[in-house]
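**Q** Shown below is the structure under consideration.
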Amino acid sequence: QLQLVESGGGLVQPGGSLRLSCAASGFTLDSYNIGWFRQAPGKEREGVSCIKSRDGITRYGDSVKGRFTISMDNAKNTVYLQMNSLKPEDTGLYYCAVHRGFRPCVFDAKRYDYWGQGTQVTVSS
């Protein structure tokens, strides 16, 4: 059974930090591209960051560049999203997802084959 499980979300004040985790089971991430997406009420689903595991090349959405960092731990079969300098507009339900990694990672949700259940991030004072 192929599964992705996100964790690490919560309530944080503006300017704070969180680290999200995406743990994979039933398959190995090293042959996939992994993306982080988020969706806030009333807004479209937004690609936050992605990584091509085969070569480590990463991509970030314009709104998070310089603040968020995506990384992988192959031994743990886990992808992380370090989020710093959080803003209220970062609030949303964050999902990780994967698609086959022969091409560069993309922010087109239709390309992704497996999705986690999501973890809520709320940035508020």
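**Q** Heavy-atom accessible area of Ser71 with all protein chains present, probe 1.4 Å, nearest 10 Å²?
**A** 50 Å²
**Q** Taking all protein chains as present, what is the carbon and sulfur share of the accessible area of the chain, in % to the nearest whole number, probe 1.4 Å?
**A** Whole-percent figure for carbon plus sulfur exposure: 45.
**Q** Let me ask something additional. Which of the listed residues, Ser17, Gly92, Gly35, is farthest toward the dipole's positive end in the chain, when Lys, Arg count +1 and Asp, Glu count -1 at the beta-carbon?
**A** Gly35
**Q** Ok, one more. In whole Hz, what ³J(HN,Hα) sequence does region 83-100 give by Karplus (6.51, -1.76, 1.60; θ = phi - 60°), x for Gly and Pro?
**A** 10, 10, 6, 5, 10, x, 5, 7, 4, x, 8, 9, 10, 10, 8, 9, 9, 4
**Q** Here is a further query. Would you mind pulling out the separation of the Cα centroids of region 20-42 and region 43-73, in Å?
**A** Value for the Cα centre distance between the two parts: 11 Å.
**Q** Something else about it: May I ask you to evaluate 6.51 cos²θ - 1.76 cosθ + 1.60, the Karplus curve with θ = phi - 60°, for each residue of region 3-10 and list the ³J(HN,Hα) values in order in whole Hz, giving x for glycine and proline?
**A** 9, 10, 10, 8, 7, x, x, x
**Q** At 1.4 Å probe size, with every protein chain present, just tell me what the per residue accessible area of region 77-125 comes to in Å². Working shown, then result.
**A** On the way: 2360 Å² over 49 residues.
Result: 48 Å² per residue.
**Q** How high is the relative contact order of the chain, given as a whole-number percent (alpha carbon pairs under 8 Å, six or more residues apart)?
**A** It rounds to 37 percent for the chain.
**Q** For the chain, with only Lys/Arg (+1) and Asp/Glu (-1) charged at the beta-carbon, what is the dipole magnitude about the Cα centre, in debye rounded to 20?
**A** Here the chain has a charge dipole of around 180 debye.
The values are calculated or read from the model by the stated rules, or taken from the named source; none is laboratory data. These figures come from a predicted structure and were not determined experimentally. Please note: Cβ atoms are built from the backbone with ideal geometry, for glycine as well, and neighbour counts cover all protein chains shown. SASA here: full protein model, heavy atoms, side chains in, ligands and nucleic acids out. Shrake-Rupley method; radii C 1.70, N 1.55, O 1.52, S 1.80 Å.
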